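Here the structure comes first, spelled out in structure tokens, and everything after it is commentary.
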Amino acid sequence: MITTNDVDEFTKAMDEQRYFDAHEVLEKPWFVNRSKKTKEVQLLKGFINACVSFELYKRGRITASKNVWKTYLKYRQLLFKTGSKKIKLYYDIFLKIENTKKGLS
């Protein structure tokens, strides 16, 4: 579903505070799999919500950002429950999101 290239592109966008672009990177693999209700697809949805939350924060929409962040938290718990062979890639995304959040708080 997700590739190393996706994670590299996501990380670069996050580092440059291009949160909408980071969202788009993750949305590509999510979109083609969105009808599947697997834990992996739901985790990816959560990661997308984290990016949306950051973009809203950047635009000064703090309340909306907090509400979308709650959706991320709902799905974050699935990280080690997906059974995916790509757990390392998902963990890298998770770390980037968590570290970005610390920087914004």
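The values are calculated or read from the model by the stated rules, or taken from the named source; none is laboratory data. Treat the numbers as computed from the prediction; the structure is a model and nothing was measured. Backbone-built Cβ (ideal geometry, glycine too); neighbour counts: all protein chains shown.
Side notes on the structure shown:
- Breaking point among (1) touching a residue at least 12 places away in the same chain (Cβ under 8 Å); (2) surrounded by fewer than 20 Cβ atoms within 10 Å (Cβ to Cβ), for residue 48: (2)
- Residues of the stretch 1-13 that are part of a helix (DSSP H, G or I) and touching a residue at least 60 places away in the same chain (Cβ under 8 Å): 4, 6, 7, 10, 11.
- Restricting the first member to the stretch 51-64 and to residues that are closer than 20 Å to residue 94 by Cβ, and the second to residues that are at pLDDT below 95 and assigned to a helix (DSSP H, G or I), the beta-carbon pairs closer than 8 Å and six or more apart or on different chains are 54/104; 57/104.
- Subset tally (residues that are free of Cβ contacts under 8 Å to residues at least 12 places away in the same chain, closer than 19 Å to residue 102 by Cα and not in a loop (DSSP other than H, G, I, E, B)) for the stretch 14-37: 1
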